[in-house]
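This report concerns only the one structure given below.
The values are calculated or read from the model by the stated rules, or taken from the named source; none is laboratory data. Because the structure is a prediction, the values reported are computed rather than measured. Cβ atoms come from the backbone with ideal geometry, glycine included; neighbour counts cover every protein chain shown. For accessibility, only protein heavy atoms count, side chains too; no ligands or nucleic acids. Shrake-Rupley method; radii C 1.70, N 1.55, O 1.52, S 1.80 Å.
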Amino acid sequence: MATHTIAVAGKGGVGKTTICGMLIDRLSKKKEGPILVVDADANSNLNEVLGIEVETTLGAIREEMAQAELKGTIPPGITKQEYAETRFSEALAEEDDFDMLVMGRTQGKGCYCYVNGVLQSQMNKYVPNYRYVVIDNEAGLEHVSRGTLPHVDTMLLVSDCSRRGIQAVARIAEMVGDLELKPGVMKLIVNRAPGGVLNAGVQEEIEKHGLQLAGVLPQDEQVFAYDCEGKPTSKLPEDSPVKTALRTTMEGLGL
């Protein structure tokens, strides 16, 4: 079974996680094989978009392990390596439609890089077991620059319909090139466009940076309403404007 890895990246506040959630919902309904969802954002909230509870994160387990080591409460007869592997395996949440791994964060100074390494090792272990892996990256360039991501088949750069948003994803695209990550496909999704139409100035900025546009998603008041009511935005009606546009975009990408 060939694994298709999809990474979603973009600056904060552009609707990246909402789009990621709706993409996961679409893949789940296609029932083409098991899906691994990776929330690689230290400020994780993809589980809320998906409407599921997450009992623990890699970051939280790292904190518990550090405390166990300080207090000398690591179980006897087991190496630190074995203990770590057992504990980190607890972070994989198994749902009906997908499994989920959440990075989370730690409080200790310098621990963030450690948890990045843990996330990378856990993904290396799990990825071959899934048909799809969907990774919601933190805002900006962190996981791209640290090389945390596995090989990416489809890189989706998400921007709002502003010039600054396009400039931000253009910097991500440039870093992907500099690091020679070589995703199979790297395309842009512009979110929250009034009426689903790009402004001419934004279109000009996209062309200036040589970005390939996969689709334009309209501003959809139902997203705001669901969020205010605490409903998972991934469960918007299939005929909602944003889900309809995303479905067309995903079909164009073969997803």
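Please list, ordered by residue number, the helices (runs of 4 or more DSSP H) wholly in segment 143-241 having 3 or more residues that are closer than 26 Å to residue 128 by Cα and charged (D, E, K, R).
Result: empty, no element qualifies.
Condition check ((1) among the β-branched types (Val, Ile, Thr); (2) at pLDDT 85 or above) across all residues:
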{"position": "61", "(1), (2)": "yes, yes"}
{"position": "65", "(1), (2)": "no, no"}
{"position": "69", "(1), (2)": "no, no"}
{"position": "82", "(1), (2)": "no, no"}
{"position": "85", "(1), (2)": "no, no"}
{"position": "89", "(1), (2)": "no, yes"}
{"position": "95", "(1), (2)": "no, yes"}
{"position": "104", "(1), (2)": "no, no"}
{"position": "112", "(1), (2)": "no, no"}
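In segment 186-204, which residues are of a type in the set (D, E, K, R) and over 23 Å from residue 154 (Cα atoms)?
If the condition is that a residue be of a type in the set (D, E, K, R) and over 23 Å from residue 154 (Cα atoms), then 204 is the only one that fits.
For segment 159-195, name all the residues that are open to solvent by 70 Å² or more (accessible area, probe 1.4 Å) and within 15 Å of residue 19 (Cβ to Cβ).
192
Return a yes/no flag: does segment 137-152 have any residue that is modelled with pLDDT of 95 or more and buried (at least 22 other Cβ atoms within 10 Å of the Cβ).
No, because not a single residue in segment 137-152 is modelled with pLDDT of 95 or more and buried (at least 22 other Cβ atoms within 10 Å of the Cβ).
Report whether or not residue 227 is under 26 Å from residue 42 (Cα atoms), out of contact with any strand residue (DSSP E or B) (no Cβ under 8 Å at 6 or more places or on another chain) and modelled with pLDDT under 95.
Against the criterion (under 26 Å from residue 42 (Cα atoms), out of contact with any strand residue (DSSP E or B) (no Cβ under 8 Å at 6 or more places or on another chain) and modelled with pLDDT under 95), residue 227 qualifies.
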